[in-house]
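The values are calculated or read from the model by the stated rules, or taken from the named source; none is laboratory data. No experiment lies behind these values; they were computed from the predicted model shown.
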Amino acid sequence: MAQESQRILIVDDEAPLRDIFAKGLSRNGYSCDTAGSADEANNLLRVEEFDLVLLDISMPGKTGLSLLATLSKSFTDMAIIMVSGNDDLETATFAMRQGADDYLAKPVPISLLVYRIEKALLRRALVLENKAYRVHLENLVTELNLRLGQNRSVLTALNSLVQSLMRREEETPQAFGGLQQAVSDIYSGLESLAEFSNGIIDGAPVARRPD
């Protein structure tokens, strides 16, 4: 069942079909808006946010495939399902390569439409989750590198102090030599930690998208 916040934009030049889709999806808990052309859809997308667009391929004027190219670049977090009157494998493949999440051939039973929308929205949720997780990791690494930088500054100053004292106290060089080695070891450890932190993001796990 759809979450209350999930909104769908139905773009099709056939008004009866738009109404059928809107009523069927509304009964399944989705909030639906409709557009009869690519231009009308663009106008809505400028002022409203949608989780998914149900986009007809063949429309007068700007086609659904042309609009798809724009949407996949401008609304990267939004799911897109293409709908066509022709069950054409070549067109379906092209649409998927252009950024569509799915492709359906008319007529589309509401039960099948709901099922495919649920899958597309689940994939979208996983993508958003991965993005949020990556941003969280980047923030952690930034903070860690900031703290490492601060510690490096302290150790650099301490090392300079040790060397200065060693020059003054030539009678006890071994004691200060041990302290300098400890500073060097700590600094080396900080460098290793910095390399580890920078590798966290590249090695971050990515949630598997459902089939």
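Checked against (1) assigned to a loop (DSSP other than H, G, I, E, B); (2) within 24 Å of V127 (Cα to Cα), I10 passes all but a single condition, namely (1).
Being more than 25 Å from the chain's Cα centre (by Cα) and hydroxyl-bearing (S, T, Y) is the filter; apply it to the range 72-130 and report the residue that is modelled with the lowest pLDDT. Let's see the steps before the verdict.
Within the range 72-130, the subset more than 25 Å from the chain's Cα centre (by Cα) is 84-91, 105-112.
Within this subset, residues satisfying the condition of being hydroxyl-bearing (S, T, Y) are 84, 91, 111.
Details: S84: 91, T91: 87, S111: 94.
Filtering first and then ranking leaves T91.
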